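Undergrad: This structure is in structure tokens; I'll ask about it shortly.
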Amino acid sequence: KKPLSKMPASSTMVRLSFKCEKLVNKDTFGKSDPFIIVDLQEGVGKYSRIGTTEVISNNLNPVFTKLIDMEYVYEKKQRLRITVIDVDDFKNPPTEYIPNMDAGDLLGTAEVTLLELMGARSWTVTKPLSAQIKNKNYGTVTIMGLKLDVGLSQFYFSPVFITLLHRILSAMTT
């Protein structure tokens, strides 16, 4: 990560948090165990890993507590691909989705640009997840962005705070 003092004036650091709602249950016993992979599009068909969340066990409406920090460059179109996976092997969560893999099942994907996210009301965007069957409801992923400044970059957000903040911001946008 770049120190905030070394970033160009036309960029800032943002902290991303995620929650999903009404995910499809892919587990035979219990509920899906969702996990998110976030990639930044670098070119046509090329992506680089920005980060991952933790795995949340048996939950179709997870609120992820692991946050992902990244640089937001104002003049650059930064498209994020969010992949939600049902993890089957907790000791080895997948590093990417591969069809018919043993490590997990695809719950859905969504894309958002940082411009769309940071320009949205309350810096929050909810996207429908898509997967193998078009026009099927796979649930949603909500992405919340927070601009960081020098003092805030080291701030810790507790899981309770993130859950409360998502509820407040959701109430404000409905």
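Undergrad: So which residues in region 15-55 are β-branched (Val, Ile, Thr) and under 13 Å from residue 141 (Cβ atoms), if there are any at all?
TA: 24, 36, 37, 38, 53
Undergrad: Every residue in region 124-140 that is part of a strand (DSSP E or B), open to solvent by less than 30 Å² (accessible area, probe 1.4 Å) and touching an Asp or Glu at 6+ places or on another chain (Cβ under 8 Å), please.
TA: Going residue by residue through region 124-140, those that are part of a strand (DSSP E or B) are 124-128, 130, 140.
From what is left, the residues that are open to solvent by less than 30 Å² (accessible area, probe 1.4 Å) are 124-125.
Selection gives 125 alone.
Undergrad: Give region 29-84 a look and list any residue that's open to solvent by 70 Å² or more (accessible area, probe 1.4 Å), within 17 Å of residue 17 (Cβ to Cβ) and without any contact (Cβ under 8 Å) to a residue 24 or more places away in the chain, or say none.
TA: Of everything in region 29-84, just one residue is open to solvent by 70 Å² or more (accessible area, probe 1.4 Å), within 17 Å of residue 17 (Cβ to Cβ) and without any contact (Cβ under 8 Å) to a residue 24 or more places away in the chain, namely 66.
The values are calculated or read from the model by the stated rules, or taken from the named source; none is laboratory data. Everything quoted here is computed from the prediction, not taken from an experiment. Cβ coordinates were reconstructed from backbone atoms using ideal geometry, including for glycine residues, and neighbour counts include every protein chain displayed. Heavy atoms of the whole protein, side chains included, go into the accessibility calculation; ligands, DNA and RNA do not. Shrake-Rupley method; radii C 1.70, N 1.55, O 1.52, S 1.80 Å.
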